[in-house]
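See structure below.
Derivation of every value follows stated rules applied to the coordinates shown; laboratory data play no part. Everything quoted here is computed from the prediction, not taken from an experiment. With ideal geometry, Cβ positions are generated from the backbone for all residues, glycine too; neighbour counts draw on all protein chains shown.
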């Protein structure tokens, strides 16, 4: 990913936190010079050897399965809040732009089956059910329904080889413009307000 130096984020823990908060990623692979992408939730975890991995699964009906083999190289894109920035929000007129946060993860695939996949699915479900008023456990799903769905997926983990993070948040603007952009974004929808909050964090003020 092209990232001008001023927008590059290198803090590993901060990037990990972003991935966990924006875990619905786009899995991209290539086979025979044809690219494929699937939108899926992925859990960032530690493997038994201590390496960082992304755990996930896709449907057996998904043609991308042919590219997901042991040792295959893939890209996962995690997107955060983003918003249009108007030239009128600067102290001096300039071109419009877009503020955003995005993380690219490059990794190596390992197919997961059997008990390991069952356990991974349990963790995924527990993770998203935990905040619910009445969390559902895997044991509550009818066995026939669970087994039919289990046979219809392919599980995998992605060993993380490299992470690239872009936090493009008007760092190239003067202080007055920076604060004005925040105020204008706070008038927008929830996504724009999310960008404003990230800009506040970057500026180290409440």
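For the chain, find the longest principal axis of its Cα atoms and tell me its angle to the long axis of helix 190-203, 0 to 90°, nearest 10.
70 degrees
Over segment 127-203, what is the mean sequence separation of C-alpha contacts under 8 Å (at least six apart), divided by residue count, expressed as relative contact order in percent? Intermediate results must be reported in sequence, preceding the final value.
Numbers: 24 pairs, mean separation 14.2, N = 77.
Normalised by residue count, the contact order of segment 127-203 is 18 percent.
Place a point 7 Å from Cα of residue 30 in the direction of its Cβ. Which residues in segment 100-115 have their backbone N less than 18 Å from it?
104-109
With everything on Cα atoms, drop me the angle between helix 12-21 and the longest principal axis of the chain, reported from 0 to 90° to the nearest 10.
70 degrees
Please list 41-50, 105-114, 186-195 highest first by mean number of surrounding beta-carbon atoms within 10 Å per residue.
Per-residue mean Cβ counts within 10 Å order the peptides as 105-114, 186-195, 41-50.
When the chain is fully extended, how far beyond the present Cα-Cα distance does residue 140 get from residue 127, taking 0.36 nm per residue of separation?
Value of the extension gain: 3.1 nm.
Percent relative contact order of segment 3-145, based on C-alpha pairs within less than 8 angstrom and at least six residues apart?
Once divided by the residue count of segment 3-145, the mean separation gives 18 percent.
Mind checking the angle between helix 175-185 and the chain's longest principal axis? C-alpha axes, 0 to 90 degrees, to the nearest 10.
So the helix axis and the longest Cα principal axis differ by about 60 degrees.
Residues in segment 15-49, backbone N under 12 Å from the label point at residue 116 (7 Å along the Cα-to-beta-carbon vector): list them, ranges by number please.
Counting backbone N atoms under 12 Å from the label point, the list is 47-49.
Using only helices, what value at 222 nm comes out for the chain when you add -39,500 (n - 2.57) per DSSP H run of length 4 or more and divide by the total residues, to the nearest 500 deg cm²/dmol?
-9000 deg cm²/dmol
Let me make sure I get this right: for segment 19-85, a, b and c are the square roots of the gyration tensor eigenvalues over alpha carbons, sorted descending. Under 1.5 in a/c it's rounded, otherwise prolate if a/b > b/c, else oblate. Which is it?
Verdict is oblate for segment 19-85.
Could you point to the label whose value was computed as mean projected area of the Cα convex hull in nm² for the structure here, given [x] 11.7; [y] 14.5; [z] 16.5?
Correct label, based on the coordinates given: [y].
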